[in-house]
1. Restricting to DSSP H runs of at least four residues, report the calculated mean residue ellipticity at 222 nm for the chain, -39500 (n - 2.57) per run over all residues, nearest 500 deg cm²/dmol.
2. Taking the chain as a Gaussian network, Cα atoms linked when under 10 Å apart, which of ASP48, ASP78, ASP17 shows the biggest mean-square fluctuation?
3. Find the cysteines in the chain that fail to meet the 4.7 Å Cβ criterion with every other cysteine, and list them.
4. Sort the following peptides by mean Cβ neighbour count (other Cβ atoms within 10 Å, averaged over residues), highest first: 32-39, 54-61.
5. Could you tell me the calculated FRET efficiency between GLN100 and GLU40, based on Cβ-Cβ distance and R0 = 35 angstrom, to the nearest 0.05?
6. Could you pull out every residue, at least 5 positions away or on a different chain, whose amide H is within less than 5 Å of the one on LYS33? Hs are placed 1.01 Å off N in the peptide plane, and Pro or chain starts have none.
7. In debye to the nearest 20, how big a dipole does the chain give about its Cα centre with +1 on each Lys and Arg Cβ and -1 on each Asp and Glu Cβ?
8. Among LYS30, LYS65, LYS11, which one shows the highest mean-square fluctuation when the chain is modelled as a Gaussian network with alpha-carbon springs under 10 Å?
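FYI, it's all coordinate maths here, none of it is from the lab. Just so it is clear, the structure is predicted and the values come from calculations on it, not from any experiment. Here the Cβ positions follow ideal geometry from the backbone for every residue, glycine too, while neighbour counts run over all protein chains shown.
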Amino acid sequence: MSYHWFKIFEKEKNEEDYLQQNTFINFEFKSEKICVTRTEKGLFAFGDRCPHNGARLSQGFCTKKNEIVCPLHRYSFDLETGKATSGGAFALKLYPVKIQEDGVYVGIAAKWWES
């Protein structure tokens with residue numbers, strides 16, 4: 001799969017300085033609203049809308065089990081797999097994150113005509 005990579009931090013240290021553990025930063029790239037959080041297990045990027053009912057996940061919270069919990073109906077999703085851990089059988093949209101010497105990037109899948 002081909003990705004468009006968007007730099008969100010100049011260096012990995014910036015991510016640690018500006019993004020406290022279990023807090024959120026929102027970005028919009030190519031019309032996709034993306035939420036980024038840092039947990040004990042690392043940096044994760046996911047769609048900011050709950051797949052169940054569209055609530056903003058950035059208004060929810062993270063658990064010690066590495067889950068994001070929706071503020072509306074308390075559905076929870078595993079940040080590593082995107083799978084629902086409570087509620088319906090919905091899946092959270094995840095975005096790959098890569099850390100390089102020149103910055104921290106989030107990838108958005110290229111459309112078939114952009115490859």
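1. Dividing the helical sum by the residues of the chain leaves -1500 deg cm²/dmol.
2. Of the options given, ASP17 has the highest mean-square fluctuation.
3. Lacking a cysteine Cβ partner under 4.7 Å: CYS35, CYS62.
4. Listed from highest to lowest mean packing, they are 32-39, 54-61.
5. E between GLN100 and GLU40, to the nearest 0.05, is 0.95.
6. ASP48
7. With only Lys, Arg, Asp and Glu charged at Cβ, the dipole is about 440 debye.
8. Sorting by GNM fluctuation, first place goes to LYS30.
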